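Let me begin by presenting the structure, written as structure tokens, before commenting on it.
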Amino acid sequence: MPYNFAKLILLIFCLFFLVESRKHRKRRWTGQVELPQISHIYKKNHDMTKTRTGKSEQLLRVDDHDFTMRPAFGGPAIPVGVDVQVESLDSISEVDMDFTMTLYLRHYWKDERLSFPSHTNKSMTFDGRLVKKIWVPDVFFVHSKRSFIHDTTTDNIMLRVFPDGHVLYSMRITVTAMCNMDFSRFPLDSQTCTLELESYAYTDEDLMLYWKNGNESLKTDEKISLSQFLIQKFHTTSRLAFYSSTGWYNRLYINFTLRRHIFFFLLQTYFPATLMVMLSWVSFWIDRRAVPARVSLGITTVLTMSTIITGVNASMPRVSYIKAVDIYLWVSFVFVFLSVIEYAAVNYLTTVQERKQRKLREKFPCTCGIPSTKTMMLDGIYSESDTNSLEGYPRGQMVAEEDKQDKMVVHLALNNESNSSRKKGLKGHVSLRIMQNTHAIDKYSRVIFPGTYIFFNLIYWSVFC
């Protein structure tokens, strides 16, 4: 009997040991660790935004919702506020008719799916990695040619989520957009360019895009400046845009007005053109028989004006209308060209007049029956009676001392019938003009050309300035 009792106790001890060993082995392989129970008071005062052990996706319950759909899907349109801070205007291209701008684009909306418990009401800030997992507005730039988000040293994207579900989404973007420019008053012009923002997929029934603070939604850096333009005004507008196949969309506009600096074009275009026109007038004071001098001067000014016109047009788009600078340059070109034509007319009339005089001398070799030849200047101002009055002068040598190129010298034979009373010295000088004066064209041109050009400048600058 005692032997059986001892045997029973040993069996019970073995069974107890076997059960305990199995419990320990199960805890070891399953990794279960008993955690202390958190008190109700600790849970109430705990701020989830300060939790370091949990992931942000779990805190925002990203996996619990379908973020491919907009907030309040099927309900009213979600309002999305926008504000912009312009960092710089990088360039304005007249040839491509576009502008490049760097800006901070910020969106504001509310998505209750991203709300989280917080008693300090502090927001959480994330970078661009979380943006790919949640819903964000699909805003794009209308009429943009190219744009990109800066990515140095990482993507310049910021996402800030508030406990009540409000979201701030900010990006740093450089965009090149089209600008319809009117060059009819170039370079005395002002240009108004517009950057347009719009939702690509959501109509006004799903997404209401608006400026968050009205005109205060657009802010610019005071240091923004351009080499050729003066930035006059920035302002915002908004309206609805209609597409026949998709519907109505909210569209936001960033408008800015630029006025061109004129001083650069005065130095590079207007002053050189004016000097070339004035240089062409020098030929009016050059002897009309100096053909190489006057022709070379006229051709040089014409070619220089052609070079100035070509240089200006090379930096401009090929528009089909006339610009203000074209009017000035082409009128200046016409003045230079007319100065060449003026000399051609003077030279032709001079040649014709000399040919007539040569024929006249051949036809009448002896004039007035005067045997001795003396030199005297004659032109058409005096009549034959004035010429015959020379007979009243005693014997002497009558010489005209004016030696101008615009007068024709005629040799007359003067002699007194009585050679006994001839005197040694010269008693008088008579200057008579007969024949047409072709040099009168140069005299008129000296007044007409400058006067007309000055009148043109007065009209031009009063109209375009």
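Sort all Cα-Cα distances of the range 78-260 into consecutive 10 angstrom bins from zero, then give the percent of pairs in each bin up to the one containing the longest distance.
The distribution over the range 78-260 is 8, 33, 34, 18, 5, 1, 0, given as percents.
Roughly how much of Lys7 is accessible, in Å² to the nearest 10, using a 1.4 Å probe?
For Lys7, solvent-accessible area is about 120 Å².
Hey, what's the range 78-260 come to in accessible area per residue, 1.4 Å probe, Å²?
On a per-residue basis, the range 78-260 sits at 50 Å².
Quick check: residue separation of Thr310 and Val447 times 0.36 nm, minus the Cα distance between them. What number comes out in nm?
Contour length minus the Cα-Cα distance gives 46.3 nm.
Report the extension gain between Thr203 and Gln353 in nm, rounded to one decimal, defined as 0.36 nm multiplied by the number of residues separating them, less their alpha carbon distance.
Computed gain between Thr203 and Gln353 is 45.5 nm.
Could you list which residues have their amide H under 5 Å from that of Val142, counting only those 5 or more apart in sequence or on another chain, with H placed in the peptide plane?
HN-HN under 5 Å from Val142: Glu196, Leu197, Glu198.
Heavy-atom accessible area of His439 with all protein chains present, probe 1.4 Å, nearest 10 Å²?
Taking all protein chains as shown, His439 has close to 30 Å².
Need the C-alpha centroid separation for the range 232-249 versus the range 323-352, integer Å.
Taking the Cα centre of the range 323-352 as reference, the centre of the range 232-249 is 53 Å away.
List the pairs from Lys223/Lys323; Lys133/Lys223; Lys110/Lys145; Lys212/Lys233; Lys363/Lys443; Lys219/Lys323 whose alpha-carbon separation is above 27 Å, in the order I gave them. Intermediate results must be reported in sequence, preceding the final value.
Values: Lys223/Lys323 32 Å; Lys133/Lys223 38 Å; Lys110/Lys145 31 Å; Lys212/Lys233 20 Å; Lys363/Lys443 32 Å; Lys219/Lys323 34 Å.
Checking Cα-Cα distances, Lys223/Lys323; Lys133/Lys223; Lys110/Lys145; Lys363/Lys443; Lys219/Lys323 exceed 27 Å.
Would you please put 220-226, 294-300, 332-338 in order of how densely packed they are, using the mean number of other Cβ atoms within 10 angstrom per residue and starting with the highest?
Going by the mean number of other Cβ atoms within 10 Å, highest first, we get 332-338, 294-300, 220-226.
Would you tell me the accessible area of Phe126, worked out with a 1.4 angstrom probe on the heavy atoms of the protein chains, in Å² to the nearest 10?
Estimated to the nearest 10 Å², Phe126 gives 40 Å².
What does the extension gain come out to for Leu10 and Thr120, with contour length at 0.36 nm per residue minus their alpha carbon separation?
33.3 nm
Let me make sure I get this right: for the range 210-281, a, b and c are the square roots of the gyration tensor eigenvalues over alpha carbons, sorted descending. Under 1.5 in a/c it's rounded, otherwise prolate if a/b > b/c, else oblate. Which is it? Don't skip to the end; give the middle numbers.
Values: a/c = 6.36, a/b = 2.32, b/c = 2.74.
Oblate.
How would Phe364, Phe99, Phe464 rank on accessible area, largest to smallest, probe 1.4 Å?
Largest accessible area first, the list is Phe364, Phe464, Phe99.
The values are calculated or read from the model by the stated rules, or taken from the named source; none is laboratory data. On a predicted model such as this, the values are computed, not experimentally measured, just so you know. Note that we place each Cβ from the backbone using ideal geometry, even for glycine, and neighbour counts take in every protein chain shown. Side chains are part of the model used for accessible areas, which takes the heavy atoms of the whole protein and leaves out ligands, DNA and RNA. Shrake-Rupley method; radii C 1.70, N 1.55, O 1.52, S 1.80 Å.
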